[in-house]
Every structure is written in structure tokens, then in C-alpha cells.
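**Q** Here it is: the structure, laid out below.
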Amino acid sequence: MLKVLNIAGARPNFMKVAPIYAEMKRRPEEFVPMIVHTGQHYDAAMSDSFFDDLGMPKPDVYLGVGSGSHAVQTAKIMTEFEPVVLREKPDWVLVVGDVNSTIACALVCAKLGIKVAHVEAGLRSRDRAMPEEINRILTDSISDLLFTTSQDADVNLEREGIPAERVRFVGNVMIDSLMDHLKIAENSTVRGDLGVDGRDYAVLTLHRPSNVDDKGTLSGILDALIAVAEKLPIVFPVHPRTRAKIEEFGFGARIAGSDIRLIDPLGYLDFMRLYSGAKMVMTDSGGLQEETTVLGIPCLTLRNNTERPITIEMGTNILVGTDPEKIKRAAFNVLENKAAAVAAKIPPLWDGKTAGRICDELLEPPA
Ligand code: UD1
């Protein structure tokens, strides 16, 4: 029987941990799973509502670290997590994604000789200015078992000298969550509540420091989006970081005069219901590039690179960067092509069964 600590820290972690935890709970002769929430994200809208929507129990351990600079936040997670590992003596610690909680907990385990498995390993944007890229590279280099979502990730890991026997291509566990909840999300009233039911609209998310922390960059992106909104209304659930920057830079009035509708961050089910009905998604998120791929929704990625090239290969995702003219041109192209919805092409092993494969592999680790 394997005791596994599943680490959940920030919003994009929760939908990856949920199906793995549920699968472990279904196999009580093989697994004793626990959830450790670092508290990197702590607002009800960024955390608790996801646990509710995903049917996850309250975390077994809550570290309550909160916000801070990268060094402070990472260090706090490490100091709070170390005694938990020493007390619980898990057989495995499972970290997901690329947030500060991922590297912090992996590093604690590597130093204590506790085995770490990394879910969503091998993704590379090749942009080291992105904090997540540093987290990915470091976490992969110290993990004992690396679960990949696509085969380009296997190639990246091979190039970095990670032994092949540690790498297991299992597919995308976030898509397990998507498939499990798509039907349930139909009960959400969010489209009606926002007055977009049965109408054409776009969904926008924006929270990368590189896009929102610099006044000039954010201003340019907003110019483009305001022009796009003249043709297609945009619903914009705003991340707390972005909300703060919009206020700091005094952009509120400009947005209020446009057809961009700012709303608070949505829970998992409401957000799924919202984007799944969108004509187009514009985002700098990683997960949304993948979710739109599976649903066949055109996605404009407002970044110069992506660690998820398979989403481009499948045909739904277009990298448009942050140049206002390029954003406008790409958006108008999607809108003019009335057959915008691309037939959903689903990447290999994004089949809703990844959690099962992860559990099977944990039972057969490398020698
Ligand atoms: C983190 C992840 C990022 C992920 C994103 C999803 C890292 C390095 N980055 O970025 O990869 O895409 O989460 O949201 O781990 N805040 C709140 N309430 C919260 C959480 C944050 O108000 O519950 C505010 C705080 O002012 C905080 C800021 O948002 O300083 C940034 O939060 P932080 O966790 O540092 O990084 P994110 O930008 O959310």
C-alpha cells in the first residue's frame, strides 16, 4: 500500500489533483492518498470553490503560506512542508504543474530522499523569464518519476539527459477533469446570468506577469481587445493580480467604456460553462490552451511562446504574442471565418483515463 501526499497549491493545480486523488480513493488496497494544500492561492474564488466544484474533500494538511515574493513564497512552502513530510513519511509525494508549490515541495523531498512524481513534466516554453519555466526545469531534474502529457515533452526530457526509464507518457490528467465535469457544468446558470446565453461572445483571461505587470504592454493589449470587443463582446474573469494592475495603472474607465465585461474569477464549473460556449478564447493561461483544444474552440494565445506546442499542432491554438496589431488581425481572421470552430482533434491519451495510468505507474516505479 502506497501512502501518497498530493500537493495542491494554486488554482491550476486543483483540476489536476482531483482525478488522481479520486482514483487513489477508488483503490484503497493500493493507495492511501492525502491532500496537502500549500495555501499559495487562498481566496475563496481561487481555491475553495474549486475544491467544492471538483468534489474534493478539505485538504488533510493546510500550510497557509499565502502570497509573497518568489523567494519568500517558495521558502515558506519549504519550511512548512518539511515537518509534514517528516511526520507523514509518505512513499510518494506527487506534485503537479509548474507553480511555486510544485518546485518547493519537490525540493524538500529530494533533500530528504523521499520519492517525488511530477505530473505534467517536460513542458518547455524555452523562455526563462517565465517563473514557471524555471519551476518546470528544476522540478523535472529532481523528480524520480516524470509523467508527460504529450510526446514532445518526452523529447525535451531526453535532451536534458533525464533517463528514459523515469519518464512515462500517460496523457493529460486535466482533461480527465474536463471530461468528468462537462455534463455537470451544463447546470451552471453563468451564461444566462451574464446575458450571453445563445449569443456570440469571446472569453478572455490574462494574468502572466509579463503581460500585466508592465503598463505599456497591458495598455497595448487592452487597445487591441477594445477593438476586438467592437465586433464581439468579451467576458473577462479577472485574476486578482490583473485586477490590482488595472487599478494601479488607471485603466478601469477605458475598459468600462468598451464591450469588455470584467467579472470576478469564476469557479471551475461556471468557467467551463462559459468558455465552452465561446466563439473564441483569448488567453495567456497554459491550461486553457489545452481545454480549448479538446473542445475545438479557437484560442488566441497572447504570448510569444508556448510550452504546449501540441495545441498548435492540433489546429485550435494560435500564438499571437502581445503586439496590438497582430492580436487584432488574428481575432478578426477568426471572426471572419464563420466556420471558426475547428473540428476537435484530441491529442493522444487525452482520453479521460490518465489518472488511472498514473496510479498504475506509481505501482511500478523505475528500479
Ligand atoms: C500562479 C502561478 C501561475 C499560475 C497562476 C494561476 C507561480 C510562479 N505562478 O501565479 O503559474 O498560472 O498562479 O492563477 O506559481 N492573489 C490573491 N488571492 C489569491 C492568490 C493570489 O489575491 O488567492 C494575488 C496576490 O496579490 C498575489 C498575486 O495575486 O500577490 C499573485 O499570486 P501568486 O500566487 O504569487 O501568483 P499568480 O500570479 O497567481
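The values are calculated or read from the model by the stated rules, or taken from the named source; none is laboratory data. Quantities reported herein were computed from a predicted structural model and do not represent experimental measurements. Heads up, the Cβs are rebuilt from the backbone with ideal geometry, glycines too, and the neighbour counts pull from every protein chain shown. Calculation scope for accessible area: heavy atoms of the full protein, side chains included, ligands and nucleic acids excluded. Shrake-Rupley method; radii C 1.70, N 1.55, O 1.52, S 1.80 Å.
**Q** Could you work out the relative contact order of the chain? I mean the mean sequence separation of Cα pairs under 8 Å and 6+ apart, divided by the number of residues, in percent.
**A** 16
**Q** Further question: Over the stretch 254-294, what number does the Rg to Rh ratio reach, with both radii from the alpha-carbon atoms and Rh per Kirkwood?
**A** On the way: Rg = 11.6 Å, Rh = 11.7 Å.
Rg/Rh for the stretch 254-294 comes to 0.99.
**Q** Between Ser141 and Ala45, 0.36 nm times their residue separation minus their Cα-Cα distance comes to what?
**A** Length gained, Ser141 through Ala45: 31.3 nm.
**Q** Between the stretch 303-367 and the stretch 140-211, how many Å separate their Cα centres?
**A** Distance between centres, Cα-based: 8 Å.
**Q** Using the Cα centre as the reference, give the magnitude of the dipole from point charges on the C-beta atoms of the chain (Lys, Arg: +1; Asp, Glu: -1; all else neutral), rounded to the nearest 20 debye.
**A** Using only the charged Cβ atoms, the result is roughly 360 debye.
**Q** Leaving out ligands, DNA and RNA, and with a 1.4 Å probe, what % of the accessible surface on the chain is carbon or sulfur? If you can, show how the numbers build up before the last one.
**A** Details: 7530 of 14790 Å².
So the carbon and sulfur contribution to the accessible surface is 51 percent.
**Q** Once the Cα gyration tensor of the stretch 267-367 is found, what semi-axes does its equivalent ellipsoid get, as square roots of 5 times the eigenvalues, in whole Å, sorted largest first?
**A** Semi-axes from the Cα gyration tensor: 29, 15, 12 Å.
**Q** Just the number please: accessible area per residue for the chain, 1.4 Å probe, all protein chains included, in Å². Kindly include the intermediate steps, with their values, before the conclusion.
**A** Numbers: 14790 Å² over 367 residues.
The answer is 40 Å² per residue.
**Q** Helix-only estimate, please: 222 nm mean residue ellipticity of the chain, summing -39500 (n - 2.57) across DSSP H runs of length 4 or more and dividing by its residues, to the nearest 500.
**A** So the helix-based figure for the chain works out to -13000 deg cm²/dmol.
**Q** Taking R0 as 25 Å, what's the FRET efficiency between Ala227 and Arg126 from their Cβ-Cβ distance, rounded to 0.05?
**A** For Ala227 and Arg126, the calculated efficiency is 0.25.
**Q** May I pose another question? For the stretch 9-145, what is Rg from Cα atoms divided by 2.2 N^0.38 Å, rounded to two decimals?
**A** 0.99
**Q** Please give the contour-minus-distance gain from Arg241 to Asp360: 0.36 nm per residue of separation, less the Cα-Cα distance, rounded to one decimal in nm.
**A** 39.0 nm
**Q** Quick one: angle between helix 131-142 and the longest Cα principal axis of the chain, in degrees between 0 and 90, rounded to 10, please.
**A** 20
**Q** How far is it, in nm, from the label point at Phe332 to the one at Asn304 when both lie 7 Å from their Cα along the line to the Cβ?
**A** If labels sit at Phe332 and Asn304, their model points lie 2.5 nm apart.
**Q** Separate question: Which ³J(HN,Hα) values in Hz, rounded to whole numbers, follow from the phi angles of the stretch 59-70 under the Karplus curve 6.51 cos²θ - 1.76 cosθ + 1.60, where θ = phi - 60° and Gly and Pro get x?
**A** For the stretch 59-70, the Karplus-derived couplings read x, 5, 9, 10, 8, x, 7, x, 8, x, 5, 4 Hz, x marking Gly and Pro.
**Q** Something else: Once you have the Cα-Cα distance between Asp152 and Met179, take 0.36 nm times their residue separation minus that, and quote the gain in nm to one decimal.
**A** 7.4 nm
**Q** If one takes the longest principal axis of the Cα atoms in the chain, at what angle in degrees, from 0 to 90 and to the nearest 10, does the Cα axis of helix 100-112 lie?
**A** 10
**Q** While we're on this one: Using only the heavy atoms of the protein chains and a 1.4 Å probe, how would Lys76, Lys3, Lys183 rank by accessible area, largest first? Don't jump to the answer; show the numbers that get you there.
**A** Values: Lys76 90, Lys3 50, Lys183 145 Å².
Heavy-atom accessible area, descending, gives Lys183, Lys76, Lys3.
**Q** Moving on. Can you give the FRET efficiency to the nearest 0.05 for Asp60 and Ile346, using r as the Cβ-Cβ distance and R₀ = 35 Å?
**A** Working from the Cβ atoms, E equals 0.55.
**Q** Using alpha-carbon positions, what is the distance between the centroids of the stretch 111-131 and the stretch 5-27, in Å?
**A** Centre-to-centre (Cα) distance: 17 Å.
**Q** First measure r as the distance between the Cβ atoms of Leu112 and Asp214, then evaluate 1/(1 + (r/R0)^6) with R0 = 56 Å and state the FRET efficiency to the nearest 0.05.
**A** The calculated FRET efficiency here is 0.90.
**Q** Could you check the simple spin-label distance between Ile318 and Glu248, using points 7 Å along Cα→Cβ, in nm with one decimal?
**A** Rounded to a tenth, the inter-label distance reads 3.2 nm.
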